[in-house]
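Structure first, then comments.
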4 protein chains.
Amino acid sequence: MTSHGRLAGVIPPLCTPLTPDGEVDEASLDRLVDHLIEGGVHGLFVLGTTGEVSALTDAQREQVVVATVARAGGRLPVLAGAIDTGTDRVVDQARRAAAAGADAVVVTAPFYAATHPEEIRRHFAEVAARVDVPVVAYDIPSKVGTKLSPDTVIELAAEGAIVAVKDSSGSDVSLRALLSRRFARGLDLSIFTGSELTVDYAIGLGCDGVVPGLGNVDPAGYRRLFDLARAGQVEQARSEQDRLFELFGITAVANRTRRSATSAALGAFKAALVDLGVIAGATLARPGIPLDDAERAGVSALIAEFGPRIDAIVGAGTIGSGSEEPAGQ
Amino acid sequence: MTSHGRLAGVIPPLCTPLTPDGEVDEASLDRLVDHLIEGGVHGLFVLGTTGEVSALTDAQREQVVVATVARAGGRLPVLAGAIDTGTDRVVDQARRAAAAGADAVVVTAPFYAATHPEEIRRHFAEVAARVDVPVVAYDIPSKVGTKLSPDTVIELAAEGAIVAVKDSSGSDVSLRALLSRRFARGLDLSIFTGSELTVDYAIGLGCDGVVPGLGNVDPAGYRRLFDLARAGQVEQARSEQDRLFELFGITAVANRTRRSATSAALGAFKAALVDLGVIAGATLARPGIPLDDAERAGVSALIAEFGPRIDAIVGAGTIGSGSEEPAGQ
Amino acid sequence: MTSHGRLAGVIPPLCTPLTPDGEVDEASLDRLVDHLIEGGVHGLFVLGTTGEVSALTDAQREQVVVATVARAGGRLPVLAGAIDTGTDRVVDQARRAAAAGADAVVVTAPFYAATHPEEIRRHFAEVAARVDVPVVAYDIPSKVGTKLSPDTVIELAAEGAIVAVKDSSGSDVSLRALLSRRFARGLDLSIFTGSELTVDYAIGLGCDGVVPGLGNVDPAGYRRLFDLARAGQVEQARSEQDRLFELFGITAVANRTRRSATSAALGAFKAALVDLGVIAGATLARPGIPLDDAERAGVSALIAEFGPRIDAIVGAGTIGSGSEEPAGQ
Amino acid sequence: MTSHGRLAGVIPPLCTPLTPDGEVDEASLDRLVDHLIEGGVHGLFVLGTTGEVSALTDAQREQVVVATVARAGGRLPVLAGAIDTGTDRVVDQARRAAAAGADAVVVTAPFYAATHPEEIRRHFAEVAARVDVPVVAYDIPSKVGTKLSPDTVIELAAEGAIVAVKDSSGSDVSLRALLSRRFARGLDLSIFTGSELTVDYAIGLGCDGVVPGLGNVDPAGYRRLFDLARAGQVEQARSEQDRLFELFGITAVANRTRRSATSAALGAFKAALVDLGVIAGATLARPGIPLDDAERAGVSALIAEFGPRIDAIVGAGTIGSGSEEPAGQ
């Protein structure tokens, strides 16, 4: 439980806008925060994988948290990644994020050096014991090389070490196990999917929310999708998810023989945000290679066909204006 | 080329001795430095994988470099890992290491976020351009998830961005490619193997040296092995390598169903150093689980059977007391 | 389209009952076929991964198809795996299966030797062109090392080379892509999930059916789950899936430090079928190591707690006795 | 021990020449056998990975063994791959190969279904017990997904289940372990490296021979390299290995975005054999995509620069004409 209550709803992992020199572009970051809040999201997650956390210096990380917290102004919770290789390093990162105003920190399993499930459990327990804000467990085996077992997550939740989990493992069985065991144990654990292409399913199954990278581009679409799924409007939710699935095609525009998949996806998100007038430039943190002009034109074309529209945003506002406010319960 | 000349010889990756509380144990570190220098090694490499770099805080990392440089007193080069996830973070780490006195920094490919070979090349070039000490490329796909291609390494060497490479990929073809292309291009690139169990082969093939984790335990053995291999004494080199192969069995003593392979290996090195009276305790950096008493007894038994002996050390001193001094050429 | 119409519904991958000597136990196989048909399944899939196809000789494979087709007696379609390493070998296997009476063959990507997506496409197109029964594509990267891309599957369906796909990749994004693109292209492609723990989701999302290994043990449960999910009874479907999730715990009973995960799972299915009185013995095909007595007792305990019950089977019969008959449409 | 004595020396894995229709081209196969024997090889290995075994039908496999044995005429041992997914299938393959005249069979760990080390050990023991010719263990984790542990290999050798091992794992540590333990146990186990780019090293280390795919193209070069390495002529061996390393560049000519790495490499071997006039065509077994004309020209250029020459072949004959005859000891 954060100071904003139980975590739930749409909590996009913010891109980190950068100047051509690779410094944090605070003016663009402010506009991105506004764009997301206007889109109806329930929380903000900075310094995640989508935020290029692994490429930002400690000074830049602090700057991002301070600026985001200031712009958000307490209207919704701000989560910050405290993502580093080892336990004591994560404690350092988490304390800095908390001092900079983050409402919660998001923590992965240790990486670089191999770890055992029991070492992973100790890692989270130690971080939680030494940090003053709630901890969200982040299951992202594609980056850290190990999968958080549902057993470990449930045990950590039962001990009070974590308040939420973001499952970016892409494993439907794992997500199922988390939901079943949370129910069986009666735990107060928020379960988020990091899979932005299966939100209707995940919410229908009982997930509390989603952390969609594509939510940077179309926050209102994800808010609408979330509301529809929560309301059990299965067909409409599927239709909106299908549109967002097509929009996600922007991540496949860039030539992957010339850059990493990471740069192709993050470069596309930034290019889209430039196209929408939200941020000033599409520079990636070093050593990422951004999209070239032809690739950016391809992104623009997909946005024109499948992207956010004014009427859609208005519609989302209407649907989302009811009494339930997931992230600030 | 470092201030000590071209890098070559036996350069062990130092364990980081810790107090029971997980703080750097400087007295033990001093003894470890002495132990290695007395064993005849040609350089010291702190903050590597064996040094648990991924689990040490920035403050601890700095402390390790300062203490090691002070104890080494300029007698041999001190290399420091500048191992972090992204380019700008590595630059920060490398500058701190250089400021603390390191003669060179050891740098891996970026990790956590996926990278493309061209992004990896940019990473090393950028680090080299912004750091005042020589850069050693560290190829360790088991930790960072990507293999440094021999082409990239050779290109970086030709550009002057790196002075050496440590190949811990375990790929014999890759090592062969590096050696062949260095020769074909006439490059001044030091090539080290990180494979401590094939040193006779690697040196025979043309490698300049080895970075053996087991060298913490038996530095004189590795010095002797290196000298024999360089002298073309194939049978004797093989025999010494075979003994060290058996000694390496200490890394298989610990129960891996209770801890990670990393903790099993590093815990064994530390247990062995305690057994030999070099360091005070075998604590691993959090969240590592150290060996228990029974496992430590198993390590001691292997040391008794295959470990360093006084006569061996004397012998090594004799063999190694000739005029060639690889690391300080 | 098979001679039984469009494939849909619950089509379990049959275990292959073996005598203690490792020969096909036809009497047990007959009882298994009866058990499944009485449970209300819509089709039978022999010679899949669950059927230990990779360990059976060609003679045994033929025997399994002949016996199953005979026992099924045309009441429902019988699919047979034609699973082998290369194109011409698969053609041989598929022709034999068709000659033995199979209504369709199930084919994976080539394995052992690496393949390119275009080579995979050619593989399926060639098999389809040379075999007289419909081809079902089987996406099982955990076994064959490559993922069938949704693009390839859709292209093959558009060319008429495949009539169905079984997605055992566990990737929610992949399944979504198949469903979205099938809809967008208006293709007549049956989409099955191989994920027996997320059937309610998969059917809700638009899948045509499921191929559940656990369906050997509780066919009526899967039939009930399928019917509930198709009827949009979300809560009841979830409840039934949750029970089957717990029953799936039988695959985690066996000690995996003593045998492979494959043997642990398949050994548990067979032990359960022995416990239920369906088959005579739990022998695994060579070189699999079956469960020991203590482990089999663990399986029995889980079946007693979460397994199929008379009333449930009766209930399933009632629910499933309506006019819709998925697999034989 | 085969009827030809202990296995040793250069035993290339033969390509399988195919007609444009994908049938075995026996005339070309005869010429390939002649080419290899004239090059001085010590044995022939058909139906390996290089022989596209996984794509050949059972009828083709038998044809290859029969034809090769006939052409070899007892002058040197013929080994045949008995490579299939499960134990009983391998027994079938091995018996067919033996009946067709093979002197020994080459067997991998089971694949497709996951296996445990104990299941792998049972697999080899069972095959050995039921087959009348000697068994060679083939460690090729890149194809079968599991690594043969040195412990398992040594145990199988001690039991008499295998007479040799071909290590294509590319792991220098594994090879070292095999050699050390063979020596320590005093076992009569022939150890071959499958790594064609590190032959000088492997022979120097104590390996008995090599199974080089590139040996199809330049058998005399590998014979010469083997003889030099055995004679301890380190510099000359290295020089010959370096030339063959460059010649291996033919496997990197083909565009891998258009075909698999397997097809790129095997297509290059066949293109080279066409270029040298040994075989009639470069067709790959289905579904492999062969090299196009431009790529074949690239292969020809490399052969012109680094390939086999008359004088070299004459030289090899001279060097190899001594009294030691490795494979037929």
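For the range A:43-83, how many residues meet the condition of being in contact with a Phe, Trp or Tyr (Cβ under 8 Å, 6 or more places away or on another chain) and more than 13 Å from A:LEU14 (Cα to Cα)?
Selection size over the range A:43-83: 2.
Taking the conditions exactly as written (among the small types (Gly, Ala, Ser) and at positive phi), does C:GLY81 satisfy them or not?
In short, no.
If I go through the range C:1-26 residue by residue, how many of them are of a type in the set (Ser, Thr, Tyr) and either touching a Phe, Trp or Tyr at 6+ places or on another chain (Cβ under 6 Å) or part of a strand (DSSP E or B) (or both)?
Qualifying residue count, the range C:1-26: 1.
Could you tell me how many of the residues in the range B:202-233 are open to solvent by 10 Å² or more (accessible area, probe 1.4 Å) and more than 17 Å from B:ILE191 (Cβ to Cβ)?
Selection size over the range B:202-233: 7.
Please specify each residue of the range B:116-134 satisfying the condition of being more than 8 Å from chain A (Cβ to nearest Cβ) and open to solvent by 50 Å² or more (accessible area, probe 1.4 Å).
Listed by number, the residues that qualify are B:PRO117, B:ALA129, B:ARG130, B:ASP132.
Does the range D:167-197 hold any residues that are among the aromatic types (Phe, Trp, Tyr) and touching a strand residue (DSSP E or B) at 6+ places or on another chain (Cβ under 6 Å), and which are they?
D:PHE192
Which helices (runs of 4 or more DSSP H) sit wholly inside the range B:50-134 and have at least 3 residues that are in contact with a Lys or Arg (Cβ under 9 Å, 6 or more places away or on another chain) and touching a residue at least 40 places away in the same chain (Cβ under 8 Å)?
B:87-99
When the residues of the range A:150-174 are narrowed to those that are modelled with pLDDT under 95 and of a type in the set (S, T, N, Q), which ends up least open to solvent (accessible area, probe 1.4 Å)?
A:SER174
Taking the range C:180-201 as the region of interest, how many residues are within 13 Å of chain A (Cβ to nearest Cβ), surrounded by fewer than 22 Cβ atoms within 10 Å (Cβ to Cβ) and among the hydrophobic types (A, V, I, L, M, F, W, C)?
Qualifying residue count, the range C:180-201: 2.
If you check D:ASP21, D:ASP34, which single one turns out to be farther than 19 Å from D:ALA104 by Cα and out of contact with any helix residue (DSSP H, G or I) (no Cβ under 9 Å at 6 or more places or on another chain)?
Selected residue: D:ASP21, the only one of D:ASP21, D:ASP34 that is farther than 19 Å from D:ALA104 by Cα and out of contact with any helix residue (DSSP H, G or I) (no Cβ under 9 Å at 6 or more places or on another chain).
Looking only at the range A:204-237, which residues are among the hydrophobic types (A, V, I, L, M, F, W, C) and either farther than 24 Å from A:THR251 by Cα or in a helix (DSSP H, G or I) (or both)?
A:LEU205, A:CYS207, A:LEU214, A:ALA220, A:LEU225, A:PHE226, A:LEU228, A:ALA229, A:ALA231, A:VAL234, A:ALA237
Spot the failing condition for A:LYS147; the list is (1) within 12 Å of chain B (Cβ to nearest Cβ); (2) part of a loop (DSSP other than H, G, I, E, B), and only one is missed.
A:LYS147 satisfies every listed condition except (1).
State which residue is modelled with the lowest pLDDT when the search covers only the range A:238-270 and only residues that are part of a loop (DSSP other than H, G, I, E, B) and open to solvent by 20 Å² or more (accessible area, probe 1.4 Å).
Once the filter is applied, the top-ranked residue is A:ARG256.
For the range D:271-304: of the residues being charged (D, E, K, R) and away from chain C (no Cβ under 14 Å), which is most open to solvent (accessible area, probe 1.4 Å)?
Going through the qualifying residues, I end up with D:ASP293.
Residues are listed down the side, and each one gets a yes or a no for (1) within 13 Å of another protein chain (Cβ to nearest Cβ); (2) farther than 20 Å from D:LEU266 by Cα:
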| residue | (1), (2) |
| --- | --- |
| D:LEU7 | no, yes |
| D:VAL10 | no, no |
| D:LEU14 | no, no |
| D:PRO20 | no, no |
| D:GLU26 | no, no |
| D:ARG31 | no, no |
| D:THR49 | yes, no |
| D:LEU56 | yes, no |
| D:GLN60 | yes, no |
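Note down all Cβ pairs under 9 Å where the first residue falls in the range D:171-188 and is in contact (Cβ under 8 Å) with a residue 12 or more places away in the chain and outside any helix (DSSP H, G or I), the second is of a type in the set (Val, Ile, Thr) and buried (at least 20 other Cβ atoms within 10 Å of the Cβ), and they're at least six residues apart or on different chains.
Between residues of the range D:171-188 that are in contact (Cβ under 8 Å) with a residue 12 or more places away in the chain and outside any helix (DSSP H, G or I) and residues that are of a type in the set (Val, Ile, Thr) and buried (at least 20 other Cβ atoms within 10 Å of the Cβ), the close pairs are D:LEU187/D:ILE154; D:ASP188/D:VAL163.
Might you let me know whether the range D:27-34 holds any residue that is in contact with a Leu (Cβ under 8 Å, 6 or more places away or on another chain), open to solvent by 30 Å² or more (accessible area, probe 1.4 Å) and not in a loop (DSSP other than H, G, I, E, B)?
No, there is no match, as no residue in the range D:27-34 is in contact with a Leu (Cβ under 8 Å, 6 or more places away or on another chain), open to solvent by 30 Å² or more (accessible area, probe 1.4 Å) and not in a loop (DSSP other than H, G, I, E, B).
Inspect all residues belonging to the range C:261-269 and state whether any of them is of a type outside the set (D, E, K, R), free of Cβ contacts under 8 Å to residues at least 40 places away in the same chain and more than 14 Å from chain D (Cβ to nearest Cβ).
Yes - at least one qualifying residue is present in the range C:261-269.
So, in the range A:82-102, of the ones that are buried (at least 23 other Cβ atoms within 10 Å of the Cβ) and over 22 Å from B:ALA285 (Cα atoms), which residue ends up nearest to the other protein chains (Cβ to nearest Cβ)?
Going through the qualifying residues, I end up with A:ALA97.
The values are calculated or read from the model by the stated rules, or taken from the named source; none is laboratory data. All figures in this text were calculated on a predicted structure; none of them were measured in a lab. Counting neighbours? That spans all protein chains shown, and the Cβs are built from the backbone with ideal geometry, glycine included. Note: areas computed on protein heavy atoms with side chains; ligands, DNA, RNA excluded. Shrake-Rupley method; radii C 1.70, N 1.55, O 1.52, S 1.80 Å.
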